[in-house]
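Worksheet for the structure shown next.
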Amino acid sequence: MSPNIVRRRNRAINRPISRKKQRGSMLVIAVFVITVMVFLAVALQDIFNNAADSVAYEVYGTRALSAANSGAEQALQKIFYLNGQTDLVFSAAEPANATATLNLDLSNTVAFHGCTVVANITRFTINNVEFFYNFTHYRVESTATCEAGNFKTVRTIAVEGRER
């Protein structure tokens with residue numbers, strides 16, 4: 001190749017591109033920017049929806065935990081009575097080791113609207129002849145289910161108590 005041809009090529013490379021050859025490039029850039037903005041908007045919408053769902057689950061989870069606590073307290077109140085009544089859960093004719101279930105419907109209560117509680121109570125007696133003591137041990141397992149629309153949360157707590 002001769003040096004004149006190389007110089008001509010270099011001049012053509014350094015020369016600005018004419019406007020006629022640039023026609024349509026702005027349209028490609030605009031379409032790309034719009035596409036990126038749409039993807040960002042969809043991602044932000046998804047983030048906001050997930051945040052709203054997580055807040056709703058947190059609220060219903062707290063409500064279910066409070067309902068489970070309430071169910072356990074009601075079961076313990078029926079076992080460890082304060083006014084001298086006999087045990088309201090188990091009868092004297094039942095064996096020392098027994099189980100019972102209390103179903104509590106809290107859906108009419110304002111704070112626990114849509115919640116149901118099932119409290120399973122287990123009773124067993126421990127006799128120790130060597131140390132001369134015996135006591136009755138109770139285990140209450142309270143499970144609360146709160147539902148509203150598509151949201152359903154379940155919380156379970158367990159408490160134990162004994163009497164001599």
Practice item. Restricting things to alpha carbons, tell me how big region 100-143 is in terms of Rg and Dmax, in Å. Key: 16.6, 52
Revision key, fill the gap. For region 107-147 the chymotrypsin sites (Phe, Trp or Tyr not before Pro) that pass both the DSSP coil test and the at-most-15 other-Cβ-within-10 Å test are Phe131, Phe132
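Bear in mind these aren't lab numbers, they're just calculated from the coordinates by the rules spelled out. Note that the coordinates shown come from a computational prediction; the quantities given were computed from them, not determined experimentally. Here the Cβ is made from the backbone with ideal geometry for all residues, glycine too, and neighbour counts use every protein chain on show.
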